[in-house]
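Notes follow the structure.
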Ligand SMILES: *Cc1c(COP(=O)(O)O)cnc(C)c1O
């Protein structure tokens, strides 16, 4: 099946006489006929749901769909994208370890990595994803256990050279984790380019309608944990009677450990109803992404021609700094997100934002509605000027998330906004 078909038919597959729509199994627990069976579940020796802090049938169907869309062996849903980023790392890192992270990354991720995870004794070392191989490799230390980067950075809109960064990581025996939130698997499939783990804030395009915060982690099944010395996966886990994830779960070792150990301990699993909403979003993901890309391309072209706009970043647009990488990794488009810098700095940026009527001024992106956000005064206000610049954010930059409305109405709104700039 192609991804457009998988959006609808992967995951839940109704048998004879069953409901066509994904059922919401809103239950905390599951009934079994014998104590022995439940004992086996506790030992991970039998398949089945036990308690909805760890797994649930509705969520599991959505996990299957996401894994299929990304081309991974398994996926685990989480209560937010932040949790997905955090768990993707702490599944294989502990106190005293470090990891490399692209400097072009979501502001919330920077807080998590630089402040909160530091308090856990895990060091985040930032690298410029556009730097030469040698410069990046020089940052890798003996305790460096992962590389983390966004395929299409929020909000910098830089495109990651996934294959090159994966090769660097693999030369050092460490996995590449790619946050694929903005492109979604419809526009980019990082596993095909060497990524080992893929994370998502499903809150964005996957949900797509601004209704439910969520996240997901996909395991490619390709990384050799045992050979590369990840003993947390290749040595017995005493909390499960000595289960050895790499031996007992093969290619899905990382995903199984993440679920049965971290999701169990942190309690960050979504509800069945949350997963149902996510599934509704996933069903139309393919058609929505096509329209988002088409509309955003038209908006980027329009902005590029305006003398009220100093700079436009949209990698699908010819002449963009990341155009050739975009052609390689996301040839069908680079999502609905366009970033623009209004001439005349922050004051004109605010005039433009406040004049918009159709486009909503919200702390969100990647929904069917067109919306705008000013990173420097909103999402990224915790960052100092140096961090802002490293994250690729100009103080006058606006992030415009182009929705799926009629393009003529979107352009008319932008035209009106620009007319208010002095
Ligand atoms: C929004 C976002 C996150 C965080 O996701 P939440 O669902 O808000 O927790 C992580 N990465 C990227 C790229 C994002 O855009």
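Remarks
- For region 1-41, the candidate set comprises residues that are touching a residue at least 40 places away in the same chain (Cβ under 8 Å) and outside any loop (DSSP other than H, G, I, E, B); within that set, the residue that is farthest from residue 283 (Cα to Cα) is 3.
- Given (1) over 19 Å from the mean Cα position of the chain (by Cα); (2) surrounded by 16 or more Cβ atoms within 10 Å (Cβ to Cβ), number of the condition residue 305 does not satisfy: (2)
- Put simply, of 358, 325 the only residue that is more than 16 Å from the ligand (Cβ to nearest atom) and within 19 Å of the chain's Cα centre (by Cα) is 325.
- Any hit, region 352-370, residues being out of contact with any strand residue (DSSP E or B) (no Cβ under 9 Å at 6 or more places or on another chain) and not in a loop (DSSP other than H, G, I, E, B): yes
- Test result for residue 286, assigned to a helix (DSSP H, G or I), without any contact (Cβ under 8 Å) to a residue 12 or more places away in the chain and closer than 30 Å to residue 52 by Cα: no
- Selected residue (criterion: nearest to residue 289 (Cα to Cα)) from residues of region 316-358 that are free of Cβ contacts under 8 Å to residues at least 24 places away in the same chain and in contact with a helix residue (DSSP H, G or I) (Cβ under 6 Å, 6 or more places away or on another chain): 316
- Those residues of region 28-49 which are under 28 Å from the mean Cα position of the chain (by Cα) and surrounded by 14 or more Cβ atoms within 10 Å (Cβ to Cβ), in sequence order: 49
- Restricting attention to region 178-198, the residues that are more than 14 Å from the ligand (Cβ to nearest atom), crowded, with 24+ Cβ neighbours inside 10 Å and on the phi > 0 side of the Ramachandran plot add up to 0.
- Residue within region 104-111 that is free of Cβ contacts under 8 Å to residues at least 24 places away in the same chain and over 14 Å from the mean Cα position of the chain (by Cα) present: no
- Candidates are the residues of region 209-239 that are crowded, with 24+ Cβ neighbours inside 10 Å and within 13 Å of the ligand (Cβ to nearest atom); the one that is farthest from residue 169 (Cα to Cα) is 214.
- Qualifying residue in region 278-295 (condition: within 23 Å of residue 421 (Cβ to Cβ), modelled with pLDDT of 95 or more and under 23 Å from the mean Cα position of the chain (by Cα)): yes
Per-residue answers, yes or no, for (1) closer than 29 Å to residue 165 by Cβ; (2) buried (at least 22 other Cβ atoms within 10 Å of the Cβ):
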site: 314; (1), (2): yes, yes
site: 321; (1), (2): yes, no
site: 332; (1), (2): yes, no
site: 359; (1), (2): no, yes
site: 362; (1), (2): no, no
site: 379; (1), (2): yes, no
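- Residue list for region 58-103, restricted to those being away from the ligand (no atom under 11 Å from the Cβ) and free of Cβ contacts under 8 Å to residues at least 40 places away in the same chain: 60, 95
- Residue 366 more than 28 Å from residue 112 (Cα to Cα) and modelled with pLDDT of 95 or more: no
- Contacts under 6 angstrom Cβ, first residue in region 396-410 being on the phi < 0 side of the Ramachandran plot and touching a residue at least 60 places away in the same chain (Cβ under 8 Å), partner surrounded by fewer than 22 Cβ atoms within 10 Å (Cβ to Cβ) and assigned to a loop (DSSP other than H, G, I, E, B), 6 or more apart: 403/368; 403/369; 404/368
- The set of residues from region 270-287 being over 19 Å from residue 70 (Cβ atoms) and in contact with a helix residue (DSSP H, G or I) (Cβ under 9 Å, 6 or more places away or on another chain) comprises 271, 272, 273, 274, 276.
The values are calculated or read from the model by the stated rules, or taken from the named source; none is laboratory data. Quick caveat: nothing in here was measured; it's all calculated off a predicted structure. Positions of Cβ are backbone-derived with ideal geometry, glycine not excepted, and every protein chain shown enters the neighbour counts.
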